[in-house]
Amino acid sequence: MKKLKFILPVLALFSAIITSCGNDDDTTDPNFIPARDRAEELIASTAEVEGYLETHFYNYEEFASPPADFDFRIKFDTIAGDNSNKIPLMSQVDFKMVKDRVDSDVEYKLYFLKVIEGEGDRPSFPDIARITYEGTYVSDEDDSIKNKLFDSSVSPLRFDMTQIVNGLQDALIEFKAATSFSTNPDGTVAYEGYGVGAVFMQSGLGYYVNPPPTTTGGVPIPVYSQLIFSFQLLETEVGDQDNDGIPSVMEDINENGLEEDDNTDGDTLPNYADADDDGDGRPTEDEIIINEDGSITFPDTDGDGTPDHLDADS
Ligand SMILES: [Ca+2]
Ligand SMILES: [Ca+2]
Ligand SMILES: [Ca+2]
Ligand SMILES: [Ca+2]
């Protein structure tokens, strides 16, 4: 029985796992250094991630026979000394191929560790997730800063998955949330059946040249750092970021699992963030019909095969 108590959840306002919208191309700055080629960096960063996986292990023995006070959190350590016979992460991870969000020709082998898949609902990529997490970075350039903690929360925080680092978004959809939770008389929340995992991402799926500013007590993250997140996936809700009545997962028009590259009217807002998807001045919510059972009907008034909310002349 996997059960854990948490203090009352709070809303995440400031957290390093939120991606910044930095500008890689400020060529007016005299000190401007062009960002490294993403395809070349892919090779170096993958080697660094794989080097970590070969030389580190996690507390799999604790998960196999949990001590009475076990907190079901993943801990990593180096395979050395007393631990030299431990099974390396490389033998225990899964991987999948995921696309770079900037250069669609670049594809990453994203490694993730599925310790406990979870038994509740599986989030879609643009959903809302409540998680606990620990984020560290790996940097080969300075051994003294290898595997540094930069952000964590043992209290559950609620995140819009479209706003967090891409590699974490890609990993969370491989897990399931808790089956149930209950509030104890002392105000703590107990979850059951939640997912526990980790992801080991190349910098291109993390911050690349735009690490978040240092938060109080945190350490600055070097550019091009590989990131590791371990997490517990506790709750998930369907995301409708633009509140137009269409769940964001249904606004992935090209069905490629990315929310940011679908933009019917070609304005500055992708469809999942655009309350008037075709730019015809009629809000999307007025061009669809939400039925009593929650299903959505998409009228096609002019019968041209394009539903009204994506049709600028209808
Ligand atoms: Ca929407
Ligand atoms: Ca898409
Ligand atoms: Ca929309
Ligand atoms: Ca229309």
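This model, with +1 at the C-beta of Lys and Arg and -1 at the C-beta of Asp and Glu, gives the chain a dipole about its Cα centre of some 2600 debye. Estimated from helical segments only, the mean residue ellipticity of the chain at 222 nm is -3000 deg cm²/dmol, where each DSSP H run of four or more residues counts as -39500 (n - 2.57).
Spin-label pair Ile79-Glu237: with each label point 7 Å from Cα along the Cα-Cβ axis, the two points sit 4.3 nm from one another.
Measuring r between the beta carbons of Asp121 and Lys96 and using R0 = 22 Å, the FRET efficiency lands at 0.65.
Surface analysis of the chain yields an accessible area of 49 Å² per residue, using protein heavy atoms and a 1.4 Å probe. Counting protein heavy atoms only, the chain has 50 percent of its accessible area on carbon and sulfur, 1.4 angstrom probe.
Spin-label pair Ser182-Asp267: with each label point 7 Å from Cα along the Cα-Cβ axis, the two points sit 4.8 nm from one another.
Measuring nothing but how far apart in sequence close Cα pairs (under 8 Å, 6+ apart) lie, relative to its length, the chain scores a relative contact order of 19 percent.
Each peptide in 107-117, 190-200, 265-275 was scored by the mean count of other Cβ atoms within 10 Å over its residues; highest first, the order is 190-200, 107-117, 265-275. In the chain, a dipole from Cβ-located charges (positive for Lys and Arg, negative for Asp and Glu) runs towards its positive end, and of Ser65, Val49, Ala177 it is Ser65 whose Cα lies farthest in that direction. Estimated at the nearest 10 Å², the accessible area of Ile43 is 120 Å² with a 1.4 Å probe. Label-to-label distance for Ile33 and Val209 is 1.0 nm, based on points extended 7 Å past Cα in the beta-carbon direction.
Pull out a ≥ b ≥ c, the square roots of the eigenvalues of the alpha-carbon gyration tensor of the chain, then state rounded if a/c is under 1.5, prolate if not and a/b is larger than b/c, and oblate in the remaining case. Because a/c hits 1.5 or more and a/b fails to exceed b/c, the chain counts as oblate.
The values are calculated or read from the model by the stated rules, or taken from the named source; none is laboratory data. Since this is a predicted model, take the numbers as computed values, not measurements. Here Cβ is always computed from backbone atoms with ideal geometry, including for glycine, and neighbour counts include all displayed protein chains. What goes into the accessible areas is simple: the full protein's heavy atoms, side chains included, and nothing from ligands, DNA or RNA. Shrake-Rupley method; radii C 1.70, N 1.55, O 1.52, S 1.80 Å.
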